[in-house]
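For reference, the structure is listed below as structure tokens.
Every read-out reported here was derived from the displayed coordinates using simple, explicitly stated rules and does not represent laboratory data. Computed from a predicted model, the values in this text were never measured in an experiment. Counting neighbours? That spans all protein chains shown, and the Cβs are built from the backbone with ideal geometry, glycine included.
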Protein chains: 4
Amino acid sequence: MKYHVGCTLEYAVPSPSVFVFNVTAAHLPGQTVLYEDFSTAPELPIDHYTDPATGARYHRIDTGAPHLSVRYHATVEIAPQVCDPAGVFADPPAHLSLADFAYVTPSRYCQSDLLMRLAYREFGTLPRTHAQPAAVADWIHRNVDYLVGMTTPLTSAFDIATSRAGVCRDFAHLGIAFCRALNIPARFVSAYAYDLWPRDFHAVFEARLGDRWYLFDPTRQASPGGLVRIGTGRDAADVSFASIFGPAMMTHMDVYADAGDAESESAPKEWRDRAVSSA
Amino acid sequence: MKYHVGCTLEYAVPSPSVFVFNVTAAHLPGQTVLYEDFSTAPELPIDHYTDPATGARYHRIDTGAPHLSVRYHATVEIAPQVCDPAGVFADPPAHLSLADFAYVTPSRYCQSDLLMRLAYREFGTLPRTHAQPAAVADWIHRNVDYLVGMTTPLTSAFDIATSRAGVCRDFAHLGIAFCRALNIPARFVSAYAYDLWPRDFHAVFEARLGDRWYLFDPTRQASPGGLVRIGTGRDAADVSFASIFGPAMMTHMDVYADAGDAESESAPKEWRDRAVSSA
Amino acid sequence: MKYHVGCTLEYAVPSPSVFVFNVTAAHLPGQTVLYEDFSTAPELPIDHYTDPATGARYHRIDTGAPHLSVRYHATVEIAPQVCDPAGVFADPPAHLSLADFAYVTPSRYCQSDLLMRLAYREFGTLPRTHAQPAAVADWIHRNVDYLVGMTTPLTSAFDIATSRAGVCRDFAHLGIAFCRALNIPARFVSAYAYDLWPRDFHAVFEARLGDRWYLFDPTRQASPGGLVRIGTGRDAADVSFASIFGPAMMTHMDVYADAGDAESESAPKEWRDRAVSSA
Amino acid sequence: MKYHVGCTLEYAVPSPSVFVFNVTAAHLPGQTVLYEDFSTAPELPIDHYTDPATGARYHRIDTGAPHLSVRYHATVEIAPQVCDPAGVFADPPAHLSLADFAYVTPSRYCQSDLLMRLAYREFGTLPRTHAQPAAVADWIHRNVDYLVGMTTPLTSAFDIATSRAGVCRDFAHLGIAFCRALNIPARFVSAYAYDLWPRDFHAVFEARLGDRWYLFDPTRQASPGGLVRIGTGRDAADVSFASIFGPAMMTHMDVYADAGDAESESAPKEWRDRAVSSA
């Protein structure tokens, strides 16, 4: 499936500032960037770094100009794996890959250590299959209101567990925290999402079941099958689309994710009840 | 109904300390202290204060002695009101007594402002009768584990809403916070509780419905009908059984509440499904 | 000294809502309301309640109208007490009035129980005179940035102690929490403040020293001598200028406090280094 | 310098449990394990994993036995780098290695995003040299009480910033959070510490300055020069000495770190005012 994705970000830069962007499609097995262009106006030198573990790509720009405009366009081919959720099982702690333990421990916005008892009460007796993180995503969808403006970048899963309102980032954090509390490795995925409205960057979570990472969107606003992955991390702290060092302020943002072929339009919707993993 | 209640509290006092005790039965309509004795060893001057609004009584002791022992014994007659919960209705905000507004606003351990959405999701569609706070108490009983040692005096309703474990004080705080989030005035009651095991001071909450305060015990460890009230406040901060200014440490505590007549043994249990108010 | 104070508050009321306003000058010794008018448009019945302990006055309005406008005008004579701070001493816990204990215990936004160690480190060795709460106010002025938009009505003293930014309400909460941690009764005062810019309701704190309550403004934006008191409470939860039950939203607010005689213009500024108590 | 280090950990295991230990000396440049023995009683299969990024080593044990005893002994040669702090400079955000950005973002127990303003107030005007994190460590030493029993494994830097008491883990978390708030990459180091009393595992932090990681011990209980490193992570969540999945409970713990040659006894103390980095 092919998607055309991209964004335009504009900033006022009253005094010299350093930006680290994480907006480009990751280079990963199962996700091929066919074409892309990342440019700035004014034209500036760009430091580039790719995280070897996750394929996430970071672009750093150091500017003293009064304005900065960043544009990214890409055409990306993705080949998500789709299977019957009934055949997908979670590993017990004795068999989890020790390399994945960083995704079982709590992180800044996913305080699984504070949600243990709640997670076990709500999900502890479910079979340790794809159904368990799927039930987590369902619970969040039913019990948390999707509302813009109730939360801030400082809001965490612990807050949301009681305040019960937030946006995609908050929904993903709560899903991750619940999964980790259940000893299922879970992580944060930032993405371009096909068919998302209003247009914006999206966030979902993925859970490690057997030897694959399965995608879940507790907001139900996008299909796990229609995501072009940008970043992968413990939580939003790892994959902020723009980290700014200095007094710059965003003045405009536009994000898009359009289908590039017929399958890209239909497949994600058809897969809503399947187990989808990224590669 | 008649109860014999009391306590012995012993302290090591390495250097001069001031104690404020709130362990004596309140003087209130519906609760008559037939006999009581409050004494200290060594014998010391005692400042006494009764809160005019709640009848709670405070005893202050200022001592430089290396040890302090406080003993309280009382025989108390209580006359709780018992009625059919079906006939008990909550006032809407337009008719609440403005004198009760202090019990609708959030307090230190009952952050109703943080639990609004959760309260409405869980209890918002219930009829605004005795059934609504009763459902709050049931929910807490079902969803929070009664466990000693998981919480501290700093633990609040907001913490418990997610951590899901605590003791009577924590259960009462969560009940109060939920009721206030639903615009039902609610307050904290410390008490001697008949038939409580292990023996200790107890805490429950009461909710304002119409022109009376109805008692609820989300721990299910005592009957609202078998309580000899000590203090009434916004939360535990108001009615700590002992506030200590100085380095004194408790070395021993014993608390009891025994039936003084046959009705005291049986009535509380029979009333478990009735609406009980203190006076 | 005489002040002309008042406000206009306008609301959109999409469906029936109940308002409880606390915007009228309190009736207290030392503060005489010479003239006042509280009116609504449309004209509506008003429930009125005066808290017997603090003189704070609450007006309740129940409306289904699509708009509500509230106007208050008053001319108020105040007679603050002014004295040399050197002669003002804090009572030790052994001599505090037990009636003031509610102002030593923690409240929703003033978690003195969490700030004990910090309070003792910063202020514990100061003399227990007017200088101690004055040092608290100074510390807040020096260490917290006055910034609009960094905090919300849910922000507490505990948050501000680390985040170090807020508005008058937050500054008052932190001052109260520090004083209580030092065993000095302290409470929240909402007021019309002469010479405040931009024009708004103001919040300060007062601390009990001996037999009087002394005023402190850690924002340094108004003089303790130029305040017309509206409400007095444990913290902002007690004296919100408008509590709304329903979906109403504020659309306009204007607040003023003008001098009514020559002394009102000059005295407050001259008193900046004196100990000022309200009556 | 040579140290003999090790530990004995004993557990009651009432039902099958999985343990992941992180108690062995890391294999790193500048730290050579000359001899080591990791054994369990009863003898059990052990899964072993080494984090490629940090050299931290994890041992997983799955047991149904009623008791588990783990012993570790090692002789380790360390070669810390020591230099004049005056020549050590922090990189600005424009030149930080993007590979280190994970150590600038907030983590579970190091909420640098909540401490920005406090960090800038206290340390923001210092030169961006070794002196800045050294001032952080000094501040913590002066302003936080080292007290056992005031904190739990759930306590974070944000809590400590106000509560002002904790143990080595808490001190390290606060140091890390402050450094990250100042845009200095910082991370958590668990270690065997020579001359630590009482004997226990130790925790310190290290900050990235130029091309090296420099060690700081805000507890002042051990010398950065006398540490045998076990784990390196974002915070304690990454390098818990024992993560337990199941109901096992520790019944005994002993930890030691003895000097293996004359330099090991003297050098660490001599280096207290130098800049020490691990390799």
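For A:Arg108, list long-range residues whose amide hydrogen, built 1.01 Å from N in the peptide plane, is under 5 Å from its own amide hydrogen.
D:Arg108
May I ask you to compute the full-extension gain from B:Met253 to B:Leu28, defined as 0.36 nm times their residue separation minus their alpha-carbon distance, rounded to one decimal in nm?
Length gained, B:Met253 through B:Leu28: 78.4 nm.
Using mean Cβ contacts within 10 Å as the protection proxy, how do A:197-207, D:152-162 order, highest first?
Output ranking for A:197-207, D:152-162: A:197-207, D:152-162.
Which order do B:Tyr72, B:Tyr256 fall in if you start with the one that has the fewest other Cβ atoms within 10 Å?
Lowest count first: B:Tyr256, B:Tyr72.
Hey, what do the phi angles of segment D:162-168 turn into as Karplus ³J(HN,Hα) couplings, whole Hz, using 6.51/-1.76/1.60 and θ = phi - 60°, x for Gly and Pro?
Result, rounded to whole Hz: 9, 6, 6, 8, x, 10, 4.
In percent, how large is the relative contact order of segment D:1-153, given Cα pairs closer than 8 Å and 6 or more residues apart?
Relative contact order of segment D:1-153: 26 percent.
How crowded by other chains is A:243-256, given as the mean number of beta carbons from other chains within 10 Å of each beta carbon? Mind showing how you got there, number by number?
On the way: counts 4, 1, 6, 2, 0, 0, 0, 0, 0, 0, 0, 0, 0, 0.
The shielding value for this peptide is 1.
In a Gaussian network model over chain A where Cα atoms closer than 10 Å are linked, find which of A:Gln81, A:Gln111, A:Gln132 has the largest mean-square fluctuation.
Comparing A:Gln81, A:Gln111, A:Gln132 in a Gaussian network model of chain A, the most mobile one is A:Gln81.
Taking neighbour counts of Cβ atoms within 10 Å as a proxy for exposure, in what order, fewest first, do C:Met250, D:Met116, A:Met253 appear?
Values: C:Met250 12, D:Met116 20, A:Met253 16.
Lowest to highest Cβ neighbour count: C:Met250, A:Met253, D:Met116.
Which whole number in µm²/s is D for segment D:13-65 by Stokes-Einstein, with the Kirkwood Rh taken over Cα pairs at 37 °C and 0.692 mPa s?
Estimated via Stokes-Einstein, D reaches 264 µm²/s.
Can you check how the C-alpha radius of gyration of segment B:1-94 compares to 2.2 N^0.38 Å, as a plain ratio? Please report the intermediate quantities before stating the final value.
Values: Rg = 17.9 Å, N = 94, 2.2 N^0.38 = 12.4 Å.
Taking the Cα Rg and dividing by 2.2 N^0.38 Å, one obtains 1.44.
Quick one: plug the Kirkwood hydrodynamic radius of the protein assembly as shown (C-alpha pairs) into Stokes-Einstein at 25 °C, 0.890 mPa s, and report D in µm²/s.
Rounded to a whole number, D works out at 76 µm²/s.
Let's test the formula: R0 of 51 Å, r as the Cβ-Cβ distance of C:Cys83 and B:Leu98. What FRET efficiency results, to the nearest 0.05? If you can, show how the numbers build up before the last one.
On the way: r = 36 Å, r/R0 = 0.70.
Approximately 0.90, to the nearest 0.05.
Placing a label point 7 Å from Cα toward Cβ, how far apart in nm is C:Lys269 from its equivalents in the other copies, listed shortest first to one decimal?
6.3, 7.1, 7.7
Lysine pairs in the protein assembly as shown 8 or more apart or on different chains: how many have alpha carbons under 19 angstrom apart?
Numbers: A:Lys2/A:Lys269; B:Lys2/B:Lys269; C:Lys2/C:Lys269; D:Lys2/D:Lys269.
Within the protein assembly as shown, the lysine pair count is 4.
Starting from one equal scatterer on each C-alpha and no solvent at all, send me the Debye-based log10 I(q)/I(0) for chain A at q = 0.10, 0.11, 0.15 Å⁻¹, two decimals.
Here log10 of I(q) over I(0) equals -0.50, -0.61, -1.12.
What list of ³J(HN,Hα) values in whole Hz, one per residue of segment B:2-10 in order, does the Karplus curve 6.51 cos²θ - 1.76 cosθ + 1.60 (θ = phi - 60°) give from phi, with Gly and Pro shown as x?
Going residue by residue, I get 10, 10, 9, 10, x, 7, 10, 10, 10 Hz, with x marking Gly and Pro.
For a bin width of 10 Å, list the pair-distance distribution of segment D:79-153 built from all Cα-Cα distances, rounded to whole %.
With 10 Å bins starting at 0, P(r) equals 14, 38, 37, 11, 0.
Once you have the alpha carbon radius of gyration of segment C:1-158, what is it after dividing by 2.2 N^0.38 Å, with N set to its residue count? All intermediate terms of the calculation are to be shown ahead of the outcome.
Details: Rg = 20.4 Å, N = 158, 2.2 N^0.38 = 15.1 Å.
The reported ratio for this selection is 1.36.
Once the label point is set 7 Å along the Cα-to-beta-carbon vector, what list of distances in nm do you get between B:Met249 and its counterparts in the other copies?
With the label placed 7 Å along Cα→Cβ, B:Met249 yields 2.2, 5.5, 5.7 nm.
Using a 7 Å offset from Cα along the direction of the beta-carbon, what are the separations from C:Thr50 to the same position in each other copy, nm, ascending?
2.6, 7.7, 8.1
Shape verdict for segment C:183-272, please, from the Cα gyration tensor: rounded (a/c under 1.5), prolate (a/b greater than b/c) or oblate.
Note, shape of segment C:183-272 comes out oblate.
Return the Rg/Rh ratio of segment A:112-241 with Cα-based radii and a Kirkwood Rh.
Rounded to two decimals, Rg over Rh is 0.93.
Across segment B:195-201, in residue order, what do the Karplus-derived ³J(HN,Hα) couplings come to in whole Hz, using 6.51 cos²θ - 1.76 cosθ + 1.60 with θ = phi - 60° and x for Gly and Pro?
6, 7, 9, x, 5, 5, 5
Averaged over D:99-106, how many beta carbons belonging to a partner chain fall within 10 Å of each residue's beta carbon? Let's see the in-between values first.
Values: counts 5, 0, 10, 6, 0, 4, 11, 7.
Average per residue, whole number: 5.
How far, in whole Å, is the closest Cβ of chain A from the axis that maps A onto B, and which residue does it belong to?
In chain A, the Cβ lying nearest the symmetry axis toward B is A:Thr162, 3.
In segment A:5-57, what GluC sites (Glu not before Pro) fall in a loop by DSSP, with at most 15 other Cβ atoms inside 10 Å?
Hits after loop and neighbour filter: A:Glu43.
What Rg and what Dmax come out for segment A:54-119 when only alpha-carbon atoms are used, in angstroms?
So, for segment A:54-119, Rg and Dmax equal 20.0, 55 Å respectively.
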